[in-house]
1. Net charge near Lys471, counting Lys/Arg +1 and Asp/Glu -1 over other residues with Cβ under 13 Å of its Cβ?
2. Give me, ordered by chain and number, the residues 5 or more places off Ser112 or on other chains with an amide H under 5 Å from its own placed amide H.
3. To the nearest Å, what is the center-to-center distance of segment 191-206 and segment 162-187, using C-alpha atoms only?
4. I'd like the carbon and sulfur percentage of the solvent accessible area for segment 282-406, probe radius 1.4 Å, heavy atoms only, ligands and nucleic acids excluded.
5. Inverting the mean 1/r over all pairs of different Cα atoms, compute the Kirkwood radius of the chain and quote it in Å.
6. Whole number in Å², please: accessible area per residue of segment 319-440, 1.4 Å probe, ligands, DNA and RNA not counted.
7. Which of the peptides 62-71, 307-316, 270-279, 383-392 is most tightly packed, and how do the rest follow, going by the mean number of other Cβ atoms within 10 Å of each residue?
8. Under 19 Å between alpha carbons: how many lysine pairs meet that in segment 85-208, if sequence neighbours fewer than 8 apart on the same chain are excluded?
Amino acid sequence: MKNFSRRKFIKKSGLSAFTSIGLGSLVSNSCNDEVNPPSKGKYMGDFSAPKLEKIRVAFIGVGYRGTGHLKYFGSIPGVEIVGVSDLYKDNINKAILKLENTSSKVDSERISKYWGDENRWKLMLEEKKPDVVFISTNWKNHAPMAIESMKKGAHAFVEVPIATSLEDMWRIVDTSEKTQKHCMMLENVNYFRAEMMFLNMIRQNFIGDLQHAEAAYIHDLRFQMKEEDRGTGSWRTLHYANSSGNLYPTHGLGPVAQYMNLARTDDNFKSIVSYSSPSMGRKLYAEKNYPKDHKWNKLNFENGDLNTSIIKTNLGRTILVQWDETSPRPYSRINLIQGTKGILTGHDINNSQYKSNNPVKIALDGGLKGLSDSSHSWVSGKDLNDTIKKYEHPFWKRLNKKAKGSDHGGSDGIMLSRIAECLQKGIPLDQNVYEGCFWSSVTPLSANSIKQDGAPQYFPDFTRGNWKNTKPLEVIS
């Protein structure tokens, strides 16, 4: 926030008088020593690792996501793939073949392959000693694999979520601080075109001081249940049955959290309340598409189809976060950010992956010059071409053509290129370990709130107060 400081907010709201009126405990609940244990190492918020002119990388899990990462990251100059691990040999062979078709410089014979056992990845870490490990496995393995990778001397890059429990998130933070190794959650939506443009606009004070955001992951993924024995549906379906709350918060939350500088300088996550709708869709889908004795029809789907949570920040700002991977409705991340001067919303620009579902729209106090005369009407579509040209994120413009062949319309390639650039230059990553934990912690915290009939849950401060000294994310060029 450019003009709205923490000190200014405290003075306006009277928070400094909380202790005198008996409310001090509400503020301190999320910051006491019991919730936030002492650090076992050095703070990683603005951490710069030693330069890696040559990045020796290994991959754990090369299904859909892992294959995309291997194919693009493995073709970046200065990167050497030293090992690939997966339960299935054919996954490894297919992934390497796609890499060979992308880059003629790759010597696949020099890539060590590990398959056939759930613990083969540990042998790969021991034998190959990579500088960097990409982890694209089922959710329950993210934390133990990231922790072990860091202990073996590698920077860990983990698919979302970074972990599923608060305990594992603290273990990740402690290990990262102790080993001085990066652990970044691969939140690729932060590198989507609209989200990067909004960040640029907000940093230039386009909509004034930020007050409220709305974020979501609305995506009908019932079709994944067809993956009964292998693939995402084979394990993700069990989470829908046995887990609770918002199971996939980070795609929507990550970008708006960085717009707001949460866990950086001015503000941080404080509390969350959460409710879920009844659980109906998965049961109906299973009954309609599978025999009565099928394993999907033997599951008791407990988690609600739609979860709605509201986050409150230290400064009193609010974030609506929704999740629904079951209902028959179009895809949406909402991606809305409200400021004192106007509002930005949407995630579809021109030829994006989900064109027409949620187009970018802008409304400003007094209107957008030459296009509207008040905040009562949106400006969207071709009318925004000049605005897009003016505020397009410079890093997107620099890498868009090069990354176009990667997944999600080039956004994955932009993320992976940026990771390589940070490692090779020895500069801080765009997402630190604490952000990955804050964003992912919505899952267990929302579950706890639901169990307590919507009672507020306080975020642990994974930074132990150091967020106040962490620089905001820059608009790099």
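1. Working: positive: Arg203, Arg264, Lys468; negative: Asp46, Asp266, Asp430, Glu435, Glu474.
So the environment of Lys471 carries a net charge of -2.
2. Result for Ser112 returns Gly83, Val84.
3. About 27 Å separates the Cα centre of segment 191-206 from the one of segment 162-187.
4. On the way: 3290 of 6690 Å².
For segment 282-406, the apolar C and S fraction of the accessible surface comes to 49 percent.
5. Numbers: mean 1/r = 0.0430 Å⁻¹.
When all Cα pairs of the chain are included, the Kirkwood radius is 23.3 Å.
6. Details: 5210 Å² over 122 residues.
Per residue, segment 319-440 has an accessible area of 43 Å².
7. On the way: 62-71: 23.1, 307-316: 21.5, 270-279: 19.1, 383-392: 15.6.
Going from most to least packed, we get 62-71, 307-316, 270-279, 383-392.
8. 28
The values are calculated or read from the model by the stated rules, or taken from the named source; none is laboratory data. Here the structure is a predicted model, which is why all the values come from computation and not from measurement. FYI the Cβ positions are ideal-geometry reconstructions off the backbone, even for glycines, and counts take in every protein chain you see. Heads up: the accessible areas ignore ligands, DNA and RNA and are worked out on the full protein's heavy atoms, side chains in. Shrake-Rupley method; radii C 1.70, N 1.55, O 1.52, S 1.80 Å.
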